[in-house]
Amino acid sequence: MKHSVHKQESAVHRNDKRFRLLITAGPTQEPLDPVRFISNYSTGTLGYLLARQAQKIGHEVALISGPVNLPLPEGVKFIPVKTAEEMYRETRKLFLKSDCLIMTAAVCDFCPATPFRQKIKKRKSLGLKLVQTRDILCEMGKIKGKRVIVGFALETGNLIKNAREKIKGKNMDLIIANKVSRKEVPFGKNSLKPLLMFKDGTIQKMPVYSKSRLARIILRKIEMIR
Ligand code: CTP
């Protein structure tokens, strides 16, 4: 497999392989009480760009999305969700009917153990018990078959080591890893400087790319893997 970015990118519109693509995007929201939730800063930008571009080049696209502020991509089957558990259920339903899963969603790793039924009233301090949510990618990795799985990683350190552990642990074909620091958060930005790691251990360090260009590159890589 060759991973020359520019060659592959320019070939996107000449491709005539069509496949069923399942994309998850945006944050999940985990309810704390009737008026509050735990979430993250994900804006869904890359997932929606991927959905739009994939649909334009002829792939059949389903988009499972947490709450975001973006226009719906045309011609895409859209499934809105809120919690990690809902996202898991919808992904599980569509995964086996898909050829590829791209998991751009920023799934909350924790949710309140028991959401309060009543609004939590003001008090001096409040202890919260959070429990782990289901790891959607990991679950899909177990039933992968010949499907292509693409995941993302956000890391504050040890980018390569952690990406390697995640790609193996979740049975992915490709992982797009991004560094995060208190100053550098990829959420809401128009560009990224990611590292691409493939199942066979090949690593490609990318320059700063717009999310739109990165979406094109990711789609091309998937077409090459399939
Ligand atoms: N992911 C998932 N289900 C979760 C958490 C994450 O499917 N409950 C997916 C994300 O969509 C992403 C990949 O797993 O594609 C890696 O997410 P990341 O947050 O970087 O890593 P985690 O596996 O959550 O591990 P950690 O937060 O400990 O780094």
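The values are calculated or read from the model by the stated rules, or taken from the named source; none is laboratory data. What you see is a predicted model, and the numbers here were worked out from it, not measured in a lab. Here the Cβ positions follow ideal geometry from the backbone for every residue, glycine too, while neighbour counts run over all protein chains shown. Side chains are part of the model used for accessible areas, which takes the heavy atoms of the whole protein and leaves out ligands, DNA and RNA. Shrake-Rupley method; radii C 1.70, N 1.55, O 1.52, S 1.80 Å.
Laid out as a table, the results:
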{"item": "Flag for Lys119 being open to solvent by 50 Å² or more (accessible area, probe 1.4 Å) and in contact with a strand residue (DSSP E or B) (Cβ under 6 Å, 6 or more places away or on another chain)", "result": "yes"}
{"item": "Residue list for the stretch 83-99, restricted to those being open to solvent by 60 Å² or more (accessible area, probe 1.4 Å) and hydrophobic (A, V, I, L, M, F, W, C)", "result": "Leu96"}
{"item": "Odd one out for Ile136, checked against (1) at pLDDT 95 or above; (2) near the ligand (Cβ under 10 Å from one of its atoms); (3) open to solvent by 10 Å² or more (accessible area, probe 1.4 Å)", "result": "(3)"}
{"item": "Criterion (out of contact with any Gly (no Cβ under 7 Å at 6 or more places or on another chain), among the polar types (S, T, N, Q) and over 21 Å from Asn40 (Cβ atoms)) met by exactly one of Ser210, Ser181", "result": "Ser210"}
{"item": "Residues being more than 16 Å from the ligand (Cβ to nearest atom) and in a loop (DSSP other than H, G, I, E, B) - total across the stretch 64-87", "result": "8"}
{"item": "Boolean, Ala153 is surrounded by 14 or more Cβ atoms within 10 Å (Cβ to Cβ) and either of a type in the set (Gly, Ala, Ser) or in contact (Cβ under 8 Å) with a residue 40 or more places away in the chain (or both)", "result": "yes"}
{"item": "Residue list for the stretch 62-80, filter: farther than 11 Å from Tyr48 by Cα and aliphatic (A, V, I, L, M)", "result": "Ile79"}
{"item": "Tally of residues being touching a residue at least 24 places away in the same chain (Cβ under 8 Å) and either in a loop (DSSP other than H, G, I, E, B) or within 27 Å of Lys97 (Cβ to Cβ) (or both) across the stretch 112-142", "result": "17"}
{"item": "Those residues of the stretch 88-117 which are within 8 Å of the ligand (Cβ to nearest atom), touching a helix residue (DSSP H, G or I) at 6+ places or on another chain (Cβ under 7 Å) and aliphatic (A, V, I, L, M), in sequence order", "result": "Met103, Ala105, Val107"}
